[in-house]
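The values are calculated or read from the model by the stated rules, or taken from the named source; none is laboratory data. Worth saying up front: this structure is predicted, and the values here are computed from it rather than measured. All Cβ positions, even for glycine, are placed from backbone atoms using ideal geometry, and neighbour counts span all protein chains on display. Please note that ligands, DNA and RNA were not included when accessible areas were found on the heavy atoms of the full protein model with its side chains. Shrake-Rupley method; radii C 1.70, N 1.55, O 1.52, S 1.80 Å.
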Amino acid sequence: MSGFAVAAEAHLPEISALARLHHHPGGGAALTLQGGDLNALSLGIRTPLPDDSGIAHVLEHCVLQGSRRFPLRRGFAALLDGALHGHLNAATLPGLTVYEIACAHDREFDRLAAIWLDAAFHPLLHADAFAREGWRLALDPPRLTGVVLNEMLGHRATPRAFGDAIRAALFPGAAQGFDPGGDPARLPDLTLAAMRRYHARHYRAGGALAVIAGPEPEARLPMLAHAFDTAPGPVPDAPAPP
């Protein structure tokens, strides 16, 4: 099945679906759900956190600002305004970044899925996208600003910040204890070069899980196989210091 091997199969009576887990030779996996009229794609990437700088969150925003096949600046905003979709969004969670699409129109779903997959594995990661989506120094008046920085300042002003504090106390110094959205005080520590290295290390077919739903989810396996086959290969670990 387009290079995928069927690893498991199960009925899901709660949603009247048949689920199959397919493994890709490169280490990626696609879980296809058969049943229902709405096409949907959820692409999850393992993104372990190294610190509180918001690196995975800023990268999530920058990934959607143009890619190799679709080099449109502010691509996410253009899709929100001009695409026929039921759901289009992304989220950064502790250890996982998810890119989601839902669309009832088959051709439009295939177009959006192609854009989403190319964005994940082949983003341009321009400096202006990093400055706009992550953080930058504005001069009139002098202040730090940026989409993610402002999002997280707002987040810290809500009760949800208690959950971050509890997680940090439970897992001090561990990946699960870091703030997936980013600590506003630490966001200015993040650099474009560090974000690009992070993408090169973690956005790989071997670290991806794609969930496909719709009337004929198997028909989308060739598209996923192409995305995984053309994704950058694994980055070797740095040699241990002498």
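Across segment 153-167, in residue order, what do the Karplus-derived ³J(HN,Hα) couplings come to in whole Hz, using 6.51 cos²θ - 1.76 cosθ + 1.60 with θ = phi - 60° and x for Gly and Pro?
4, x, 4, 5, 9, 10, x, 4, 5, 5, x, 5, 5, 5, 5
Can you give the extra length, in nm with one decimal, that the chain gains between L12 and L84 once fully stretched, where that is 0.36 nm per residue apart less the Cα-Cα distance?
Full-extension gain reported as 23.0 nm.
How high is the FRET efficiency from F162 to H226, r the C-beta distance, R0 45 Å, rounded to 0.05?
For R0 = 45 Å, the calculated efficiency reads 0.55.
Distance from the Cα centre of segment 82-96 to that of segment 122-191, in angstrom?
Their Cα centres are 19 Å away from one another.
Not counting ligands, DNA or RNA, and with a 1.4 Å probe, what is L88's accessible surface area in Å² rounded to the nearest 10?
10 Å²
Taking the Cα centre of the chain as origin and charging only Cβ (+1 Lys, Arg; -1 Asp, Glu), how large is the dipole, in debye to the nearest 20?
Value, rounded to 20: 560 debye.
Find the relative contact order for segment 5-230 and round it to a whole percent, using C-alpha pairs within less than 8 Å whose residues are 6+ positions apart.
33 percent
Where does helix 106-121 land angle-wise versus the long Cα axis of the chain, in degrees 0 to 90, nearest 10?
That works out to roughly 40 degrees.
Given H placed 1.01 Å from N in the peptide plane, which residues other than close sequence neighbours of S67 have an amide H under 5 Å from its amide H?
Here the answer is L72, L124, since their amide H atoms fall under 5 Å of that of S67.
For segment 5-230, would you read off the P(r) tail past 23 Å as a percentage of all alpha carbon pairs?
Within segment 5-230, distances greater than 23 Å cover 51 percent of Cα pairs.
Spelling out what I want: for every residue of segment 188-203, take phi, set θ = phi - 60°, compute 6.51 cos²θ - 1.76 cosθ + 1.60 (Karplus), and round to whole Hz; glycine and proline get x.
x, 6, 6, 10, 4, 4, 5, 5, 5, 5, 5, 4, 4, 7, 10, 8
With a 10 Å cut-off between alpha carbons and a GNM built on the chain, which of A227, A17, A208 moves the most?
It is A17.
What order do H126, H61, H226, H11 take when sorted by accessible area (1.4 Å probe), most exposed first?
H11, H226, H126, H61
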